[in-house]
Amino acid sequence: MNKHFKKLICASLAALAGVGSAAQANEQVLNLYSARHYATDEALYSDFTKQTGITIKRLELGDEALLERLRNEGARSPADVILLVDAARLATAQQEGMFQPVKSKVLAERIPTQYTGDQGLWYAFSARSRVIVYNKATVDPKLAQNYEDLAKPALKGKVCTRTGSHPYMLSLMSSLIGHLGEQGATEWAKGMVANMARSPKGGDTDQIRAVASGECGVALTNSYYFVRLMNSSKPEDKEVIEKVGFVWPNQASYGAHMNVSGGGVAANAPNKANAVKFLEYLASDSAQQYFANGNNEWPTAKGVKTNNAALQSLGDFKADVTPAKTLAANTALSQKIMDRTNYK
Ligand code: FE
């Protein structure tokens, strides 16, 4: 655990320690359990407090630690809103009964059905794409235009990804189950395993760096990791971006896989009305920009266009319209396929 992370946890625990007494004093509060923590989130939260008078008490942890915490707290959890990253993790929380359904006219109008969980159990407030990157010196991009291409013999020994059981890979697999069928998705996983340049390891940024170094020829990464390197002023990051090409996958077919970050009202939320207000706030124009830009993602609310210059510079692209709830529903089968094909 790094120092910064430790500090965050301590600060968050300290904030939550005041939960009981604040509620007794009739102060309007919202207990937010969030797996997101970005610099721009500060303005996001303070604007909500300004608008509503509701104080936000935050617990910020990584996704897995947050889920573990909620499991341990059970029905006594003070959580009002739970924010998580990736449809596969929203699926886990949903399956474990951590959310309650929310009916809200504002959310129904603002958040498209593609980005709404089953029965309003959760809503996605930002979207990212899973894209292909390649080494400009060693790989002809014509060979890496589609997810399917990465599993073809032409890229043997050149493919790198993170582990098959990571939520980002599971969600991509979930979308491929929809497009190729279970059999097709299984064949894809087999082809990927056969093409690996190395055993799956590391995060998405590590894949991009390994492509730049030449250890890998092609890799998959969430779009915001690439944009983060694009925006970096560090010479070593600039060097990486110079060596690596970027492909929007499947532009001639179903479009680039889209995943989400979002959340819902906790199953036993002590401050449910405030929780719904907060979700509605996240769907507002200004909050959408803050929330999405915190991690170089796209806003999900209808009619809100990104104002992020780096994202705009990547140009328009065809996005897969598979509903996030379908990705969530396929997660268990995705894991089975990864296991069956020995996708480590
Ligand atoms: Fe990530």
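Helix by helix through the chain, keep the DSSP H runs that span 20 Å or more along the axis on Cα and average at least 0.0 on Kyte-Doolittle, and give those back in order. Don't skip to the answer; put the middle values down first.
Values: long enough: 3-17 (21 Å, 0.85); 167-195 (21 Å, 0.19); 324-340 (24 Å, -0.22).
Membrane-span-like by this rule: 3-17, 167-195.
Just add up the charged neighbours of residue 237: K/R +1, D/E -1, any other residue whose Cβ is under 12 Å from the Cβ of residue 237.
Values: positive: 209, 228, 234, 238, 243; negative: 236, 239, 242.
Once all neighbours under 12 Å are counted, the net charge is +2.
Using packing as a proxy for protection, rank 236-247, 116-127 so that the peptide with the highest average count of other Cβ atoms within 10 Å comes first.
116-127, 236-247
Among the listed pairs 272/336; 103/305; 57/344, which have their C-alpha atoms separated by more than 30 angstrom in this model?
Checking Cα-Cα distances, 272/336; 57/344 exceed 30 Å.
Using a 1.4 Å probe over the heavy atoms of the protein chains, calculate the carbon and sulfur portion of the accessible area of segment 161-221 as a whole percent. Provide the component values of the computation, followed by the final result.
On the way: 890 of 1870 Å².
Summing carbon and sulfur atoms, their accessible area is 48 percent of the total for segment 161-221.
Choose one of 54, 278, 124: the residue whose Cα lies farthest towards the positive end of the charge dipole of the chain (beta-carbon charges +1 Lys, Arg; -1 Asp, Glu; about the Cα centre).
It is 124.
Once you place label points 7 Å from the Cα toward the Cβ at residue 51 and residue 340, how far apart are they in nm?
With each label point 7 Å from Cα toward Cβ, the separation is 4.6 nm.
How much of the DSSP bridge set in the chain is antiparallel, in percent, rounded to the nearest 5?
The antiparallel fraction comes to roughly 65 percent.
Could you tell me, in Å, what Rg and Dmax come out for the Cα atoms of segment 33-192?
19.5, 59
At a 10 angstrom cut-off on C-beta neighbours, averaged per residue, how do the peptides 277-289, 45-57 rank from highest to lowest?
Values: 277-289: 20.3, 45-57: 15.6.
Top of the packing list down: 277-289, 45-57.
So, for segment 233-321, what is the accessible surface per residue at a probe of 1.4 Å, expressed in square angstrom? It would help to have the intermediate numbers written out before the result.
On the way: 3630 Å² over 89 residues.
About 41 Å² of surface per residue is accessible.
Given a cut-off of 32 Å, what percent of all Cα-Cα pairs of the chain lie beyond it? Please list the in-between numbers first.
Working: 18020 of 58996 pairs.
Within the chain, distances greater than 32 Å cover 31 percent of Cα pairs.
For the chain, with only Lys/Arg (+1) and Asp/Glu (-1) charged at the beta-carbon, what is the dipole magnitude about the Cα centre, in debye rounded to 20? Don't jump to the answer; show the numbers that get you there.
Values: 39 positive and 32 negative charges, 64 e Å.
The calculated dipole for the chain is roughly 300 debye.
So how do 186-194, 173-181, 310-318 stack up, highest first, on mean other-Cβ count within 10 Å? Intermediate values should be presented prior to the final figure.
On the way: 186-194: 19.4, 173-181: 22.1, 310-318: 12.8.
The densest-packed peptide leads the list: 173-181, 186-194, 310-318.
What does the charge count around residue 286 come to, taking other residues whose C-beta lies under 12 Å from its C-beta (Lys +1, Arg +1, Asp -1, Glu -1)?
Cβ neighbours under 12 Å give a net charge of -1.
The values are calculated or read from the model by the stated rules, or taken from the named source; none is laboratory data. All figures in this text were calculated on a predicted structure; none of them were measured in a lab. Neighbour counts run over all protein chains shown; Cβ positions are idealised from the backbone, glycine included. Just so you know, the surface numbers come from the protein's heavy atoms only, side chains and all, with ligands and any DNA or RNA stripped out. Shrake-Rupley method; radii C 1.70, N 1.55, O 1.52, S 1.80 Å.
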